[in-house]
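What follows is a single structure, written as structure tokens, with notes after it.
None of the figures in this text is laboratory data; all of them are computed from the coordinates on show. Computed from a predicted structure; not experimentally measured. We place every Cβ from the backbone using ideal geometry, glycine too, and count neighbours over all the protein chains shown.
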2 protein chains.
Amino acid sequence: MTDDQLGPRPPVVGMVGAGQLARMTCQAAIGLGIGFRVLAATPTDSAALVCADTLIGDYTDQPSLLAFARGCDVVTFDHEQVPGGHLAALEKAVAGPAGPVVRPGPAALRYTQDKLAMRGRLRELGVPCPRYAPVRDVAGVTACAQEWGWPVVLKAVSGGYDGRGVWVCGTPGEAAAVLAHPVAVFAEDHVGFQAELAALVARSPHGQGAAYPVVQTVQRNGVCREVLAPAPGLSPALAADAQRMALELAADLGVTGLLAVELFAAGSRLLVNELAMRPHNSGHWTIEGARTSQFEQHLRAVLDLPLGDPRLAARHVVMANVFGAGGSPAAAGTAGPDIFARYEHVMAADPGVKVHLYGKQARPGRKIGHVTVLGGDLPALRDRAVRAANYLATGNEEGE
Amino acid sequence: MTDDQLGPRPPVVGMVGAGQLARMTCQAAIGLGIGFRVLAATPTDSAALVCADTLIGDYTDQPSLLAFARGCDVVTFDHEQVPGGHLAALEKAVAGPAGPVVRPGPAALRYTQDKLAMRGRLRELGVPCPRYAPVRDVAGVTACAQEWGWPVVLKAVSGGYDGRGVWVCGTPGEAAAVLAHPVAVFAEDHVGFQAELAALVARSPHGQGAAYPVVQTVQRNGVCREVLAPAPGLSPALAADAQRMALELAADLGVTGLLAVELFAAGSRLLVNELAMRPHNSGHWTIEGARTSQFEQHLRAVLDLPLGDPRLAARHVVMANVFGAGGSPAAAGTAGPDIFARYEHVMAADPGVKVHLYGKQARPGRKIGHVTVLGGDLPALRDRAVRAANYLATGNEEGE
């Protein structure tokens with residue numbers, strides 16, 4: 001993008017998808033004074049509720065996608081689900097001096113849509129990952145287990161996130177049950193690790209990079225519950241390795257915008273688990289906890305503006321996700337609206353906790369918000385964050 | 001507001017007026033997950049550009065105001081211009097279990113609409129202010145000058161802000177020129193002061209109060225250029241006095257929401273200069289610089305939620321306003337769009353500066369944005385903030 005294109009009016013960034021990532025990007029866009037448009041499936045999507053420039057449409061429908069992109073300077077993404085063919089068509093149809101550019105482009109996004117292609121590319125680049133193999137049947141899984149040992153992880157080639165599309169199989173029977181589904185999977189070594197980490201970086205088309213402090217993600221049932229920034233106990237050398245690996249990967253894969261690299265810390269080794277090319281749950285802490293939030297950083301990167309300072313704004317930052325309660329159907333049904341009644345307790349108990357709600361109906365297990373606390377005493381911060389998140393979810397500080 | 005009212009759906013706050021204060025309140029409302037509606041004069045008003053629930057209407061038209069208020073749980077204000085009679089009618093017509101409450105209410109807002117009434121009330125409460133007197137003619141002004149000495153300040157009884165509606169008169173002739181306008185004014189002693197301060201507090205209907213650190217406002221031609229938080233060199237005792245005075249005033253005047261008290265520091269005395277019952281320019285630094293931004297705090301207060309932690313998030317915070325350039329008409333005409341080209345320089349020069357633009361056309365002298373920097377070295381922070389603000393305004397770090 002040239003100065004000329006930025007000249008006559010504020011640039012407009014269009015985000016395909018209108019979940020909470022788009023919602024929080026909308027807040028950042030307001031601060032920057034740029035135009036921000038979302039393509040939402042329904043008017044009650046998280047970002048559609050708050051974005052002044054919302055188009056309702058289906059991202060799997062190519063004409064809808066093209067109509068959305070017209071009038072945008074840059075098109076970017078809340079999720080990785082847009083078909084690659086549509087993105088190529090979008091680039092061809094509207095890119096150029098008068099049309100938007102797609103950031104990240106389809107060549108990079110492909111690696112978040114096809115995890116087997118991603119694993120292959122990482123292997124080519126010499127990036128350490130768990131051992132993996134394409135599998136078609138139980139015999140293939142058993143062959144992997146003979147080399148790696150049980151359990152074996154089966155992963156959907158595309159579409160999985162938040163624990164969905166990942167199955168840990170302890171026996172051939174369990175693997176057979178997964179393979180019975182009509183979903184393409186591959187097998188992966190079940191790595192023993194001390195911690196799960198995430199390295200979040202931004203890269204601009206100019207090639208500028210910025211790396212956030214490496215964080216620890218605390219998972220339960222494959223779902224991220226807490227994020228600790230910076231990752232406690234991580235050696236400075238290993239943290240620097242993770243940042244360098246993420247910056248190099250962003251350059252090698254041609255990412256523009258954010259790249260989140262989820263990692264296993266296994267002894268002194270780092271293994272890449274997952275990639276995301278968008279704002280990421282492991283970076284929500286940056287809204288208050290870093291000098292530049294990941295949402296502003298993503299906008300700056302896709303607009304090819306100089307990147308912002310990614311450093312911590314406090315010694316420790318803890319983010320905890322808020323989930324819809326999974327209790328009785330009656331409780332689940334009222335969990336959404338009840339949250340506002342629960343504000344009273346959470347805010348009175350802890351005036352320093354920052355609450356972010358996404359405007360989503362609280363279905364059991366659904367991520368409906370998050371809380372952030374900052375300060376000097378990590379165990380105390382974790383306690384405060386988890387109490388607040390549990391109370392918002394269930395009306396009970398102990399959670400479910 | 002009871003829990004029942006907060007129960008069935010997110011509460012909706014309606015803000016009358018759609019300037020930058022409403023725009024930044026909109027960002028805070030998104031985080032809290034509440035509904036937020038603005039009443040805008042035009043679709044290109046600062047907040048109308050970004051708020052998903054914008055009603056276009058005239059706040060001086062009572063039916064428009066009533067239509068806006070329906071469906072809101074709370075009605076609050078971006079400015080003090082809504083006629084008191086309309087507010088009383090609004091309270092009568094729609095208040096109650098099914099209608100919104102008006103916060104702050106007309107009884108409190110009156111003191112920001114009628115500065116003479118405000119001065120009278122402050123005198124009754126024993127709050128120190130500059131000497132003042134109602135005046136109708138030059139003889140009245142001259143009589144004041146005989147007691148206080150020239151210059152004498154003439155102030156519009158209502159409607160003035162940002163240096164508008166304030167005239168410093170050094171001679172009877174200058175006073176006569178002001179009195180020739182059809183504007184009701186009063187006379188005030190021109191106080192010699194060391195610094196201008198602002199004490200920002202929040203008060204909820206429950207009576208909970210929270211005080212932000214007292215700041216220094218650096219003015220030029222009656223317009224705030226910089227805000228320094230906390231006020232440098234202010235004794236802890238005087239700072240505590242200012243906070244206590246503002247909290248007491250909020251209670252005495254029955255304010256719900258924010259109260260900004262602008263003060264003169266004259267030796268060891270504090271004199272009240274102005275009051276505002278809404279988010280205030282002297283509190284923009286709180287977005288990044290305090291644990292709770294003034295915009296979130298105002299929403300929490302008017303919703304009668306527990307107030308947030310108002311403490312500083314860094315040792316020093318500096319905010320500088322960005323004004324439309326006042327150079328040649330040609331330069332002024334292009335100042336708005338050019339800002340986005342200038343982002344490149346400002347962000348590259350200082351990755352830590354936080355830019356906030358309001359989406360307003362850059363007319364000479366118009367406040368179109370602000371920048372904030374945080375850290376430990378106050379002179380360096382001021383230098384960074386002023387350079388960035390000047391460059392955004394004029395493309396020149398030295399300003400005009």
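So here's what we get for this one:
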read-out	value
For the range A:29-50 and the range B:298-318, distance of Cα centres in Å	26
Shielding by other protein chains, B:348-358, mean Cβ within 10 Å	5
Rounded if a/c under 1.5, otherwise prolate or oblate - chain B, Cα gyration tensor axes	rounded
Computed over chain A: relative contact order in percent, which uses C-alpha pairs under 8 Å that are six or more apart	12
Estimated distance in nm for a label pair at B:Gln81 and B:Asp252, the labels positioned 7 Å out from Cα along Cα-to-Cβ	3.0
Per-residue mean of C-beta atoms belonging to partner chains within 10 Å, peptide B:74-82	0
Angstrom value of the Kirkwood radius, inverse mean 1/r, which spans all Cα pairs in the range A:199-319	14.1
Fewest-first sequence of B:Arg136, A:Arg225 by Cβ atoms within 10 Å of each Cβ	B:Arg136, A:Arg225
For the range A:108-207, size of Cβ-based charge dipole, Lys and Arg +1, Asp and Glu -1, in debye	360
Among A:Ala266, A:Ala229, A:Ala28: highest mean-square fluctuation, GNM of chain A, C-alpha pairs under 10 Å	A:Ala266
Potential extension, B:Glu398-B:Ala89 segment - 0.36 nm per residue separation minus Cα distance	106.2 nm
Proximal lysines relative to A:Lys92, as straight alpha-carbon distance under 27 Å, when same-chain residues fewer than 8 apart are discounted	A:Lys115
Peptide ranges B:58-68, B:202-212 listed from the most packed, as the mean C-beta count within 10 angstrom indicates	B:202-212, B:58-68
Residues with amide H under 5 Å from that of B:Asn273, placed H, sequence gap 5 or more	B:Glu262, B:Leu263, B:Phe264
Local electrostatic count, A:Ala198, Cβ distance below 11 Å [Lys/Arg +1, Asp/Glu -1]	-3
Gaussian network model of chain B, Cα within-10 Å springs - most flexible of B:Gln243, B:Gln20, B:Gln146	B:Gln146
A:Thr171-A:Arg131 FRET efficiency (beta carbon distance; Förster radius 25 Å; 0.05 resolution)	0.80
Proximal charge balance of A:Ala143 [Cβ under 15 Å; K/R count +1, D/E count -1]	-2
Debye, to nearest 20: dipole size of the protein assembly as shown, +1 on Lys, Arg Cβ, -1 on Asp, Glu Cβ	0
Summed residue charge, Cβ within 12 Å of B:Arg278's Cβ, Lys/Arg positive, Asp/Glu negative	-1
Rounded to the nearest 20 debye, dipole of chain A from Cβ charges on Lys, Arg, Asp, Glu	100
Max mean-square fluctuation residue, GNM over chain A, Cα-Cα springs under 10 Å, options A:Arg123, A:Arg384, A:Arg342	A:Arg123
Farthest toward positive dipole pole in the range B:131-189 [+1 Lys/Arg, -1 Asp/Glu at C-beta], among B:Gly170, B:Ala180, B:Trp150	B:Ala180
A:Ala41/B:His206 FRET efficiency (R0 30 Å; Cβ-Cβ; nearest 0.05)	0.15
